[in-house]
Structures are given as structure tokens and as C-alpha cells.
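Structure, as C-alpha cells:
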Amino acid sequence: MMIVAGALTVNPEERDSYLEGCVRVVSAARLAQGCLDFAVSPDLLEPGRINVYERWSSDEDLERFRGSGPDDGQLAALLNIDVAEYAVAEPPD
């Protein structure tokens, strides 16, 4: 299993419009093969922070979906990206 988690930072005044632009990506991710969860949401304390959480069945499923992230306009709006991938080992039987 793969988990992608972290935060994006945008100008606080642009956060709502940035999140509106993410609706299509979130919808597509949740329909993608191997997607167990996919969320992009506003942080409750920091007005420019957007929390990212993804859970995938495998690295292959995650890589297959790559390229469906922010478009060039969304990338330009990002002031900081602090997101990492974590491989989760299956527990022994």
C-alpha cells in the first residue's frame, strides 16, 4: 500500500478557487484503479494551507494515476509543496 500525505501552500485569498479546481482530479482519482482514498482539503488553522491525503493499493496504481495532479495554472499558484510518499508494509499473516 502507498500513502501520499502532506500539505500545499497557496495565497490564502486563492485557496477556495484552488480547491474548486481540484474537484475534477479528486473525482477521477476516486474512480481510478487501486485508489482507496483521495482527499484535498482546507486546513482548519492555516488559511493558505491545503492538506493532501491519498491511499493506494500499490505503487503501480499510484504511478498509473500520476499526471492527473495540478495543471500548470494550479502549479503556478503553489507557494510551497511539502508532500511525501510512504510505502506501507503488509502485516504478516
Fluctuation leader among ASP61, ASP16, ASP82 - the chain, Gaussian network, Cα springs under 10 angstrom: ASP82
Matching label, Rg and Dmax of the Cα atoms in Å computed from the structure shown, candidates [x] 13.8, 49; [y] 15.0, 49; [z] 16.9, 67: [x]
Just to confirm, what accessible area per residue do you get for segment 23-93 at 1.4 Å probe, in whole Å²? 69 Å²
For the chain, built as a Gaussian network whose Cα springs stay under 10 Å, the top-fluctuating residue of LEU36, LEU45, LEU78: LEU45
Roughly speaking, to the nearest percent, how much of the chain's 1.4 Å accessible area is carbon and sulfur? 53 percent
Report the label-to-label distance for SER41 and GLN74 in nanometres (one decimal), using points 7 Å from each Cα along the Cα→Cβ vector. 1.7 nm
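The values are calculated or read from the model by the stated rules, or taken from the named source; none is laboratory data. Just so you know, these numbers come straight off a predicted model, no measurement behind them. Neighbour counts run over all protein chains shown; Cβ positions are idealised from the backbone, glycine included. In case anyone asks, the SASA skips ligands and DNA or RNA and just uses the protein heavy atoms, side chains included. Shrake-Rupley method; radii C 1.70, N 1.55, O 1.52, S 1.80 Å.
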